[in-house]
Amino acid sequence: MNPFQDKVVIITGSSKGIGKSLAEKLAQRGTKVVLNGRDETALKQVAIQFQSRGYTVSTVCADVSQLEDCRLVLETALKTYGHVDYLINNAGSNMQGKIEDVQPDALRLIMDVNYMGALYLTRLALPELKARKGGVLFISSVAGIHGLPMHGLYSSAKMALRALVEALRAETSGSGLYVGLAYVGLTQNEPGKTIYDINGNPIPKIDTKGFKLQPIPQVAEGLIHMMEQRRFIRVFTFLGKLTNILNRISPTFVQFMLTQAYKKRGY
Ligand SMILES: NC(=O)c1ccc[n+]([C@@H]2O[C@H](COP(=O)([O-])OP(=O)(O)OC[C@H]3O[C@@H](n4cnc5c(N)ncnc54)[C@H](OP(=O)(O)O)[C@@H]3O)[C@@H](O)[C@H]2O)c1
């Protein structure tokens, strides 16, 4: 049985990367997908590409870090399809730099998109998702397992999702709502991917050297599988699983290893 046939799924940040791949794979399963991102041109291009393949997709250009934009996402999805079954909080961005160096004006940026964006839309969509006995999946990162030097703001935002998800899962227990949290590992980046610098300006994302990167379609497939099985938590990649286990046994050891690794890289 295909649990996603004819379901309506909102995927935030689906104009590229993991979100786009998720959208494609779900649309192939007969899902009606609401695509989202801030770049209207990029979003439209993806929609045209998908529609030419016969997929049912629509677009909402919106910045999920803004509450009113999140209202627009939900309202448009409801207006277009009449209901919403699943929400995938995928939109996210990283910032590279020491906490000490981040400009005060840029301190909120990463929390606003990765955490507040997920919270706003989840809160707004919750009554609908519960009524449909659908679900909400949060895309975290292995950086959310233990505070990562040079990515402290990103780690914090992804770690905060854990508390949100645990509370939400307890509060909605017995309602039929699925709540999941995915710790995605190091993934191959789509060309042109950007992150933020310490001033809050976009800069090209350079692939992390010396580590095996999981291909984007593999990550998307893993996320769908996780939702199909209604799994609460899934940690991706060998390195992610290892970090998770070590952190449970000895966070001090993980802290030591990370400190050494970052010193070795000259930070
Ligand atoms: N790639 C990795 O190695 C990796 C590892 C662990 C976790 N993750 C997580 O996986 C998710 C997807 O990552 P990715 O690598 O696929 O990223 P990506 O290639 O940079 O794509 C990010 C998507 O989010 C959208 N977006 C960014 N800010 C947004 C905002 N404020 N409102 C609405 N849309 C926004 C982008 O479109 P616009 O820029 O046009 O808005 C784009 O569609 C993120 O949550 C990320 O933290 C990624």
* Asked: Can you give the angle from 0 to 90° between the axis of helix 117-131 and the longest principal axis of the chain, with both taken from C-alpha atoms, to the nearest 10?
  -> 40 degrees
* Structure fact -> The Kirkwood hydrodynamic radius of the chain, taken as the inverse of the mean 1/r over all distinct Cα pairs, in Å, comes to 18.8 Å
* Leaving out same-chain residues fewer than 8 places away, which aspartates and glutamates sit with a Cα under 12 Å from that of Lys98? -> Asp197
* Any idea what angle helix 238-249 forms with the longest principal axis of the chain, computed on alpha-carbon atoms, 0 to 90 degrees, nearest 10? -> 70 degrees
* Structure fact -> For the chain, percent of DSSP beta bridges that are antiparallel (nearest 5) comes out at 10 percent
* For Gln51 and Leu78, compute 0.36 nm times the residue count separating them, minus their Cα-Cα distance, and round to one decimal in nm. => 7.8 nm
* Structure fact -> Quick calc, Arg162 & Tyr267: beta-carbon distance into FRET formula, R0 25 Å, rounding 0.05, result 0.45
* Under 18 Å Cα to Cα from Lys20, which aspartates and glutamates show up? Leave out anything in the same chain fewer than 8 places away. => Asp39, Glu40, Asp63, Glu190, Glu221
* Spatially proximal lysines relative to Lys25 (Cα-Cα < 21 Å; intrachain offsets below 8 disregarded) -> Lys7, Lys16, Lys44, Lys193
* Report, to the nearest 10°, how far helix 40-52 tilts away from the longest principal axis of the Cα atoms in the chain, using its own Cα long axis and a range of 0 to 90°. => 50 degrees
* Structure fact -> Computed for the chain: size of charge dipole around the Cα centre, +1 on C-beta of each Lys and Arg, -1 on C-beta of each Asp and Glu, debye to nearest 20, value 820 debye
* Could you give the length gained on full extension between Asp101 and Lys130, defined as 0.36 nm per residue of separation minus the Cα-Cα distance, in nm? -> 6.2 nm
* Starting from the Cα of Ile203, step 7 Å along the direction of its Cβ; do the same at Met1; then give the gap between the two resulting points in nm. => 5.0 nm
* Towards the positive end of the charge dipole of the range 8-264, with charges on Cβ (+1 Lys, Arg; -1 Asp, Glu), say which of Phe232, Thr31, Gly54 has the farthest Cα. => Phe232
* **Simple spin-label estimate for Phe211 and Lys44 in nanometres, 7 Å along Cα-Cβ** => 3.7 nm
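Throughout, read-outs are computed from the coordinates displayed, never taken from laboratory work. Since this is a predicted model, take the numbers as computed values, not measurements. All Cβ positions, even for glycine, are placed from backbone atoms using ideal geometry, and neighbour counts span all protein chains on display.
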